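Trainee: Let me give you the structure first, and then I'll get to my questions.
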Amino acid sequence: MRIKGCATAESTKAYAAHFAQVDGFYKIAQGLTFSSLGVGSFAPEAYKEENYLYTFKEPIKEAVLNGINHIDTAASYRYNQSEREIGEALGELLEMGTQRESLIIASKGGFFPLEYPFPNNPYTWIKERVIKPNLAQESDIFTDEYCLSPDYLRWSLERSLENLGLEKLDIFYLQNPEHALGHLTKKELLSRLEKVFCAMESWVSEGLVSYFGIASWNGFLNDPTHLEYLSLQEIVNIAQKITNDSHLKFVQIPYNLAKIQGVGYANQAVGKEGYYPAFIAAQKLGLHSITSSSLLRLHLFKRPFSEEFRALCGKEAMSDLQRALQFSRSNPYALSALFSTKNADHLLHNMELKMITPLSKEAYLKLFSTLGRDRDAV
């Protein structure tokens, strides 16, 4: 039996009040109260056996029990396994008294959620699961791993709901649409996005999702002349063409100490105002931004951070890992910073940030300018 309900303004506000953290740990978007740290469930190279020797279940439970109410996943993450573990965690949390309505749960569709063990022939999997049931045509499939067909994305959404044991998602993202560029022209991609957004609006009307969005890797960060560049303004224009009351409300953009273009590189045109960095442009266009890859899969920690950077972070007692999260979640133009860990103790270490106030906008921009001027400061 699936869990009923979705995140509500009243319940997410009550959840935040229960934990009574320092100012700034929770932020509000669309009336919902989000924790400024969100817990994810991504692991690279889903076909590797080592990715199935652990579970995200306990870290997810510890996150929710300690003040994080924003959970992010995708059916393609560890080929459905991450979602299933989150579903198990949610079932146990509800038995412990957590309210479904206090949690903001997001998933994504686009990449194929194959099966583990990895199929001997993924092309056979695609033919049997996608082509034969008429979920997509071969022309809808790119690099044998990605699909933009609305019917396929509907199937992916339903699979995510089944994995998670939910009746409704709070946010459903189209994942990395720039992946199709090079196979499609930008004009063709925008035409397909219009069909996808029409379908997503219908899923909102059906009660399957509350909001939808785009989760991109480099699309919003590239130079406008780049083959895989995505324009936030053009995407918003498509959504508003369908309905003035669009439910396209969220974007997910990578942001960390090594990937700072989202605040530092003005590549997104907003009307006739000029160009802005992606996070600022999204805000001006009425979109709420989530930062992904806040720790860059731990590649940030190959050497200790500089004393200058540590001092600018404002708290000597913080570890470098916490400083990196402090940097991402203090982004004044973003709502919540995602990280993932398979270790519950590591989760609790990260959660010590709930007692530390995020940097003020002034302090953050000072820190950012130092980082932008001298990348060795980290």
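The values are calculated or read from the model by the stated rules, or taken from the named source; none is laboratory data. Computed from a prediction, not measured in an experiment: that's the story for all the values here. A quick note on method: Cβ atoms are made from the backbone with ideal geometry, for glycine too, and the neighbour counts reach across all protein chains shown. Note: accessible area is taken over every heavy atom of the protein model, side chains too, but ligands, DNA and RNA are not part of it. Shrake-Rupley method; radii C 1.70, N 1.55, O 1.52, S 1.80 Å.
Trainee: Taking only protein heavy atoms and a 1.4 Å probe, what accessible area per residue, in Å², does segment 100-244 have with all protein chains in place?
Mentor: Computed with neighbouring chains in place, this is 41 Å² per residue.
Trainee: Helix-derived [θ] at 222 nm for the chain: sum -39500 (n - 2.57) over DSSP H runs of at least 4, divide by residue count, nearest 500?
Mentor: Using -39500 (n - 2.57) per qualifying helix, the result is -10500 deg cm²/dmol.
Trainee: Further question on the same structure: Between Ala20 and Lys361, 0.36 nm times their residue separation minus their Cα-Cα distance comes to what?
Mentor: Roughly 120.6 nm would be gained on extension.
Trainee: Something else about it: At what distance in angstrom do the alpha carbon centres of segment 228-278 and segment 160-190 lie from each other?
Mentor: So the two Cα centres are separated by 16 Å.
Trainee: Per-residue counts of other Cβ atoms within 10 Å, averaged by peptide: what ranking do you get for 171-179, 26-34, 340-348, highest first?
Mentor: Going by the mean number of other Cβ atoms within 10 Å, highest first, we get 171-179, 26-34, 340-348.
Trainee: Now for a separate question. What net charge do the residues around Ile126 carry, taking every other residue with its C-beta under 15 Å from that of Ile126, with Lys and Arg at +1 and Asp and Glu at -1?
Mentor: Here the count lands on -3.
Trainee: Would you mind calculating the relative contact order of the chain from Cα pairs under 8 angstrom and at least 6 residues apart, reporting the percent as a whole number?
Mentor: 17 percent
Trainee: What does the charge count near Phe56 come to, summing +1 for each Lys or Arg and -1 for each Asp or Glu among other residues with Cβ under 10 Å from its Cβ?
Mentor: +1
Trainee: Give me the percent of DSSP beta bridges within segment 101-193 that run antiparallel, rounded to the nearest 5.
Mentor: Counting only bridges with both partners in segment 101-193, antiparallel ones make up about 40 percent.
Trainee: Where both residues lie in the chain, what percent of DSSP beta bridges are antiparallel, nearest 5?
Mentor: 25 percent
Trainee: Return the single residue from Ile60, Ile68, Ile238 with maximal mean-square fluctuation; model: Gaussian network over the chain, springs between Cα atoms under 10 Å.
Mentor: It is Ile238.
Trainee: So what are the ³J(HN,Hα) numbers for segment 129-142, from phi and the Karplus equation (6.51, -1.76, 1.60; θ = phi - 60°), rounded to whole Hz, Gly and Pro as x?
Mentor: 3J(HN,Hα) across segment 129-142, in whole Hz: 8, 10, 6, 4, x, 6, 6, 6, 9, 4, 5, 8, 10, 10.
Trainee: Given the convex hull over the Cα atoms of segment 269-378, what projected area results after averaging over all orientations, in nm²?
Mentor: Averaged projected area of segment 269-378's Cα convex hull equals 7.8 nm².
Trainee: To the nearest 20 Debye, how big is the dipole of segment 78-162 about its Cα centre, given +1 on the beta carbon of each Lys and Arg and -1 on that of each Asp and Glu?
Mentor: 160 debye
Trainee: Quick one: pull the percentage of alpha-carbon pairs in segment 125-271 with a separation above 24 Å.
Mentor: Result: 35 percent of Cα pairs exceed 24 Å.
Trainee: Quick check: pseudo-label points 7 Å beyond the Cα along Cα→Cβ at Arg297 and His183, how many nm apart are they?
Mentor: Using points 7 Å along Cα→Cβ, the separation is 2.1 nm.
Trainee: Taking every eigenvalue of the Cα gyration tensor of the chain, multiplying by 5 and rooting it, what semi-axes result, largest first, whole Å?
Mentor: 30, 25, 21
Trainee: Among Gly207, Gln322, Leu169, whose Cα lies farthest out toward the positive end of the dipole of the chain, if unit charges sit on the beta carbon of Lys, Arg (+1) and Asp, Glu (-1)?
Mentor: Sorting the options by dipole projection puts first Gln322.
Trainee: If a paramagnetic tag sat 7 Å from the Cα of Lys132 along the Cα-Cβ line, which residues of segment 73-100 would have the backbone N under 11 Å from that point?
Mentor: Hits in segment 73-100 for Lys132 at 11 Å: none.
Trainee: When the dipole is taken about the Cα centre of the chain, and only Lys, Arg (+1) and Asp, Glu (-1) are charged at their Cβ, what size is it in debye, to the nearest 20?
Mentor: 600 debye
Trainee: Computed on alpha carbon atoms, what radius of gyration and Dmax characterise segment 67-120, expressed in Å?
Mentor: Reported Rg and Dmax, both Å: 13.0, 43.
Trainee: Another question about this same structure. Considering only DSSP beta bridges where both residues belong to segment 135-272, give the percentage that are antiparallel (nearest 5).
Mentor: About 20 percent, rounded to the nearest 5.
Trainee: Counting only the backbone N, which residues of segment 82-121 are under 15 Å from the spot 7 Å out from the Cα of Glu167 toward its beta-carbon?
Mentor: 100-102
Trainee: Right, here's the next one. When we measure straight from the Cα of Lys132, which lysines land under 30 angstrom away, once same-chain ones fewer than 8 places off are left out?
Mentor: Lys48, Lys108, Lys168, Lys186, Lys187, Lys195
Trainee: Okay, next question. In a Debye calculation with equal point scatterers on the alpha-carbon sites of segment 237-292 and no solvent, what is log10 I(q)/I(0) at q = 0.13, 0.20, 0.26 Å⁻¹?
Mentor: So the normalised log intensities work out to -0.35, -0.76, -1.07.
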